[in-house]
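Heads up, the thing below is written out as structure tokens.
Just so it is clear, none of the values below were taken in a lab; they were calculated from the coordinates. Here the structure is a predicted model, which is why all the values come from computation and not from measurement. We place every Cβ from the backbone using ideal geometry, glycine too, and count neighbours over all the protein chains shown.
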Amino acid sequence: MEHPATLSFRGTVVHGDKRGRELGFPTANIAVIDHGALPVDGVYACWVTFPPATVPHGATISIGDNPTFDDVTDRRVEAFVHDFDGDLYGAEVEFTVHSWLRGMFRCESLDELIEKTAADVAASRIALAQPARRP
Ligand SMILES: Cc1cc2nc3c(=O)[nH]c(=O)nc-3n(C[C@H](O)[C@H](O)[C@H](O)COP(=O)(O)O)c2cc1C
């Protein structure tokens, strides 16, 4: 086998509830175009490409209905793009999943959510520094 299949999906960056910035992890909310390509709910290390950049950025994404917040009832895709603080609203983005990090949890407090997210981003950076596939 040359390469195992990669999991990719595309979308457009839309406005979310703007809670991410307050939590210290501003996220790009993604309106996904090809829902069939989405993996199961959880937190993932990904590569994300958006124009005009051709080199992918690392990102940590969450997929799910944000169970910590009772007012979120839809399934969302939110991306914390590493080392990036530009405005992505309206941008078309493409994600390639590198690795699964954990499932979605209902956190008991905002502090717990912030702690978990910080640990996810640290784990994601380590994962993305590894080769994605076996040789
Ligand atoms: C790496 C990462 C992990 C997350 N994990 C969870 C989680 O376990 N539970 C949860 O309810 N929300 C989780 N979220 C989603 C946050 O609740 C969400 O990003 C935050 O509320 C900001 O949303 P907003 O941009 O719509 O305001 C996670 C987000 C990120 C980026």
Counting each DSSP H run of 4 or more residues in the chain as -39500 (n - 2.57), what helix-only mean residue ellipticity at 222 nm follows after dividing by all residues, to the nearest 500 deg cm²/dmol?
-> -5500 deg cm²/dmol
Full extension from Arg75 to Tyr89: what is 0.36 nm times the residue separation minus their Cα-Cα distance, to one decimal in nm?
-> 3.1 nm
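Indicate the gyration tensor shape class of segment 7-128 (rounded, prolate or oblate), computed on the Cα atoms with a ≥ b ≥ c the square roots of the eigenvalues: a/c under 1.5 is rounded; otherwise a/b larger than b/c is prolate and the rest oblate.
On the way: a/c = 1.39, a/b = 1.31, b/c = 1.06.
Verdict is rounded for segment 7-128.
Report the local net charge at Val32: Lys and Arg +1, Asp and Glu -1, summed over other residues whose C-beta lies under 12 Å from its C-beta.
On the way: positive: Arg10, Arg75, Arg76; negative: Asp34, Asp74, Glu78, Glu92, Glu94.
Spelling it out: positives minus negatives among the neighbours equals -2.
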Can you list the HN-Hα couplings for segment 92-100, worked out from phi with the Karplus curve (6.51, -1.76, 1.60; θ = phi - 60°), rounded to whole Hz and with x for Gly and Pro?
-> 8, 10, 10, 9, 10, 6, 8, 7, 7
With each pseudo-label sitting 7 Å past Cα toward Cβ, what's the Lys18-Ala119 distance in nm, one decimal?
-> 3.1
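Among the GluC sites (Glu not before Pro) within segment 1-88, which fall in a DSSP loop and have no more than 10 other Cβ atoms within 10 Å of their own Cβ? Don't skip to the answer; put the middle values down first.
Working: sites: Glu2, Glu22, Glu78; in loops: Glu2.
Hits after loop and neighbour filter: Glu2.
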With Cα atoms, 0 to 90° folded angle of helix 110-128 axis to the chain main axis = 10
